[in-house]
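These notes are about the structure you will find just below.
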Amino acid sequence: MSGPGPYRHLFSPLRVGPLTLRNRVVFAAHLTNYAEHGLPSAQHAAYYAARAAGGAGMIITEEHSTHRTDWPYEKLIHGFRPGVIPGYRRITAAVHAHGAAILAQLNHNGGQSSGMYSRLPAWAPSPVPDPLFREVPKAVEGHEIAEIVAGYALVAGHCAAGGFDGVELQCSQSSIVRAFLSPATNTRTDAYGGSLPNRARLLLEIIGTVRAAIGPGRALGVRICGDELTEGGITLDEAVAVARLADATGQVDYISTTIGMATATMYLIAASMQAPPGYAMHIPAAIRPAVSVPVVGVGRISDPRQAERALADGQCDLVGVVRGQIADPDFAAKARAGQPAAIRTCLACNQECAGRVGRNRWLGCLENPRSGRESVPLPAPRRAGRRVYVVGGGPGGLQAAVTAARRGHRITLFEQAPRTGGQVTLAASVPGREGFGDLARSLAREAARLGVDIRTGHRVDAEFLLRAAPDAVILATGSRPARPPWSRGHPRVIDVREVADGTHAPAGTVVVIDELGFHQATSTAELLADRGCEVEMITSAMVIGQDLNLTLDFETWNIRAGAKGIRQRTDLVVQDAREDGAAAADGGGRRLVLELLHHPTGTAQQVTCDWVACAVPARPADELWHALHGAPFELHRVGDCRAPRRAHAAVIEGERAGAAL
Ligand SMILES: Cc1cc2nc3c(=O)[nH]c(=O)nc-3n(C[C@H](O)[C@H](O)[C@H](O)COP(=O)(O)O)c2cc1C
Ligand code: SF4
């Protein structure tokens, strides 16, 4: 192996079947929701081209459906329609212009689907319903198996005509091939069920027919699930055996890997920040010695040093960097240039990638507002070199400063706290969420690199700004905790922010109210439980931390909550808080009684505690905005001071304001 500097392995070329890749960085397959009416879009081409321009060695597109019975989500590419070919050509030409190889992922999701879009029964090896879709699929008969195999060949032919360098068979987390391979979902008694060779028969038939369709000049990859981690599902030993069978055909050029299955163990596939980098590398490490072809490993590799380490240690031959390249398309180029610190590191927050895709929207990125908007360029600056003041150094203000500085303006950023970061710093201070701090750190680093004059510990008022008279002011002054009306100003009813920033240190029994449905309440509950408090969570919703589901944090949160003894009560609206006669555990006052309404039944309940920590809607810190009404300069406001929301809103609006100057 030979490559430059510290990334000797990462930047060494590799032969993958008929292809020679320029390096080992793979942009592995992932849903984007960019398809329009089943066809690839201009956004697809721009999105993949950006990663090719940023130095990726091999790009695998999202899945292309191989059959009309497979339509689990609206914006799926219908690879079985010949109309896809022009869109394929647009993607492959855009990527090839930057020297990367591009393969298309082929898939039939089988029973991990429903008839909602197709109005057809889902097809599967056996009538075993998927735990997410909960629809009993139709067990395919012999002629339907032949139809499935033919579907793969048809789409492989479309891909060849569309200029792809090869195709990858998704047999991993959501696939009819995985369902045939897995004893948990294949209960057949014919030649396609029972023994492993029987369960692998469909895979081997597809490999044969797809190879015939693409010929020897294109690469064929197989992506397998290394461990389903479900009762009776595929284990690592079986995955190794499957890889051997695929390799033994002599028609496969590489094996790619994943862990977990959509939908039963989805949280493992693109694990959130609680999982360590390289959490799934034991899978390629087990498969690699068993096969003759290169093996791809993935899983929270978002730092080139980790990628290099995985290769140097022989865990894999190629490294899938998916979210790492969603967050920074130039991941490979920056590493190659010896600038790993310049990479906008993926936070593994899943907020804008998995989180948005799960809501049927275009894939985006919290860390990088340009990601997922590649085909929608920013407008040209109206005038260059403007003097711009940004007030507030949270993610919205920092992003505004970065975007404006990149466009040639002269920026001064004022932050009243001793350091930038705003609420991100608080959010990152609770257990398991340290990684979130990268959002502010990388923005602050980029702002400094661009020459933004950052003045921390500097509070500005309207008079100061009017006197300074810059060309434009961007307000990113954030929000303040708001006490719920029922608290009636009681000093033991506090905001979760005041726990994180140390203003209060609740002890004894603490009730955490969750009216935001996200990490604010659950993280605080964990922090308090870790400090020895007895924690009870209450929400008016049907579940605590409802939106953690979108970011794949829900299962792991519940596992930790159970282990930490955190109790969860739902469907309860707090009506009133009053003092109990008893002294609080920490001796500084009286205990509290919360009067609760169980809204589905209309019944009253009570809970007694020492403290109440509230995760409830905040109020905008918008005094400066109102004070500057009619000011003689251009005025913008972004993020929470406009309306308190999650970090993505601040980042996106920061970018928009920075680009509007
Ligand atoms: C939003 C999203 C969608 C994904 N969709 C697919 C898919 O369609 N096919 C697939 O094989 N893997 C899919 N994956 C899994 C990724 O290829 C990859 O294995 C996973 O993200 C872990 O790698 P990372 O930590 O580098 O992101 C998806 C991942 C994400 C984040
Ligand atoms: S949204 Fe979060 S997890 Fe997804 S790519 Fe961006 S930073 Fe990474």
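The values are calculated or read from the model by the stated rules, or taken from the named source; none is laboratory data. Here the structure is a predicted model, which is why all the values come from computation and not from measurement. Positions of Cβ are backbone-derived with ideal geometry, glycine not excepted, and every protein chain shown enters the neighbour counts. Surface accessibility is based on the protein's heavy atoms, side chains included, excluding ligands, DNA and RNA. Shrake-Rupley method; radii C 1.70, N 1.55, O 1.52, S 1.80 Å.
Below, the figures for the structure above:
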{"quantity": "Region 368-389, residues that are closer than 23 Å to Ile269 by Cβ and either charged (D, E, K, R) or within 8 Å of ligand 2 (Cβ to nearest atom) (or both)", "calculated": "Asn368, Ser371"}
{"quantity": "Search result, residues across region 601-610 that are part of a strand (DSSP E or B) and open to solvent by less than 20 Å² (accessible area, probe 1.4 Å)", "calculated": "Val607, Cys609"}
{"quantity": "Criterion violated by Phe414 - all others in (1) farther than 13 Å from Glu446 by Cβ; (2) out of contact with any strand residue (DSSP E or B) (no Cβ under 6 Å at 6 or more places or on another chain); (3) not aliphatic (A, V, I, L, M) satisfied", "calculated": "(2)"}
{"quantity": "Search result, residues across region 398-416 that are in contact with a Pro (Cβ under 9 Å, 6 or more places away or on another chain), part of a loop (DSSP other than H, G, I, E, B) and without any contact (Cβ under 8 Å) to a residue 60 or more places away in the chain", "calculated": "Gly408"}
{"quantity": "Per-region count, region 88-131, residues assigned to a helix (DSSP H, G or I) and not basic (Lys, Arg)", "calculated": "7"}
{"quantity": "Given (1) touching a residue at least 40 places away in the same chain (Cβ under 8 Å); (2) more than 12 Å from ligand 2 (Cβ to nearest atom), number of the condition Met273 does not satisfy", "calculated": "(2)"}
{"quantity": "Lone unmet requirement of (1) touching a strand residue (DSSP E or B) at 6+ places or on another chain (Cβ under 9 Å); (2) surrounded by fewer than 24 Cβ atoms within 10 Å (Cβ to Cβ) for Ala312", "calculated": "(1)"}
{"quantity": "Residue in region 131-144 that is under 30 Å from Pro18 (Cβ atoms) and among the hydrophobic types (A, V, I, L, M, F, W, C) present", "calculated": "no"}
{"quantity": "Output for region 350-367, where each listed residue is among the charged types (D, E, K, R), open to solvent by 10 Å² or more (accessible area, probe 1.4 Å) and near ligand 2 (Cβ under 6 Å from one of its atoms)", "calculated": "Glu352"}
{"quantity": "Filtered residues of region 10-34 (kept if more than 22 Å from Gln315 (Cβ to Cβ), out of contact with any helix residue (DSSP H, G or I) (no Cβ under 6 Å at 6 or more places or on another chain) and buried (at least 22 other Cβ atoms within 10 Å of the Cβ))", "calculated": "Thr32"}
{"quantity": "Candidate set: region 268-305, residues that are farther than 19 Å from Leu229 by Cα and touching a Cys at 6+ places or on another chain (Cβ under 7 Å); chosen: the one most open to solvent (accessible area, probe 1.4 Å)", "calculated": "Arg288"}
{"quantity": "Enumeration of residues in region 35-63 that are under 20 Å from the mean Cα position of the chain (by Cα), more than 11 Å from ligand 1 (Cβ to nearest atom), crowded, with 24+ Cβ neighbours inside 10 Å and not aliphatic (A, V, I, L, M)", "calculated": "His44, Tyr47, Tyr48, Arg51"}
{"quantity": "Unmet requirement for Ile343, which otherwise passes all of (1) within 11 Å of ligand 2 (Cβ to nearest atom); (2) open to solvent by less than 10 Å² (accessible area, probe 1.4 Å)", "calculated": "(1)"}
{"quantity": "So Val651, is it farther than 28 Å from Asn368 by Cβ and modelled with pLDDT of 95 or more", "calculated": "no"}
{"quantity": "Test: residue in region 316-323 that is within 16 Å of ligand 2 (Cβ to nearest atom), open to solvent by 20 Å² or more (accessible area, probe 1.4 Å) and under 21 Å from Tyr254 (Cα atoms)", "calculated": "yes"}
{"quantity": "Region 206-222, residues that are buried (at least 18 other Cβ atoms within 10 Å of the Cβ), in contact with a helix residue (DSSP H, G or I) (Cβ under 8 Å, 6 or more places away or on another chain) and not β-branched (Val, Ile, Thr)", "calculated": "Ala213, Arg218, Leu220"}
{"quantity": "Criterion violated by Arg178 - all others in (1) in contact with a Phe, Trp or Tyr (Cβ under 8 Å, 6 or more places away or on another chain); (2) closer than 25 Å to Gly250 by Cβ; (3) of a type outside the set (Phe, Trp, Tyr) satisfied", "calculated": "(1)"}
{"quantity": "Elements of type strands (runs of 3 or more DSSP E) contained in region 238-354, each with 2 or more residues being within 15 Å of ligand 1 (Cβ to nearest atom) and farther than 25 Å from Glu62 by Cα", "calculated": "none"}
{"quantity": "Residues satisfying the stated conditions in region 136-164, i.e. part of a loop (DSSP other than H, G, I, E, B) and either in contact with a Lys or Arg (Cβ under 6 Å, 6 or more places away or on another chain) or surrounded by 16 or more Cβ atoms within 10 Å (Cβ to Cβ) (or both)", "calculated": "Pro137, Val140, Gly162, Gly163, Phe164"}
{"quantity": "Complete set of residues in region 617-661 that are open to solvent by 20 Å² or more (accessible area, probe 1.4 Å) and β-branched (Val, Ile, Thr)", "calculated": "Ile652"}
{"quantity": "Members of region 64-77 found to be open to solvent by 10 Å² or more (accessible area, probe 1.4 Å) and touching a strand residue (DSSP E or B) at 6+ places or on another chain (Cβ under 7 Å), listed by number", "calculated": "Trp71"}
{"quantity": "Search result, residues across region 404-432 that are more than 30 Å from Ala271 (Cα to Cα) and surrounded by 24 or more Cβ atoms within 10 Å (Cβ to Cβ)", "calculated": "Ala404, Ile411, Leu413, Glu415"}
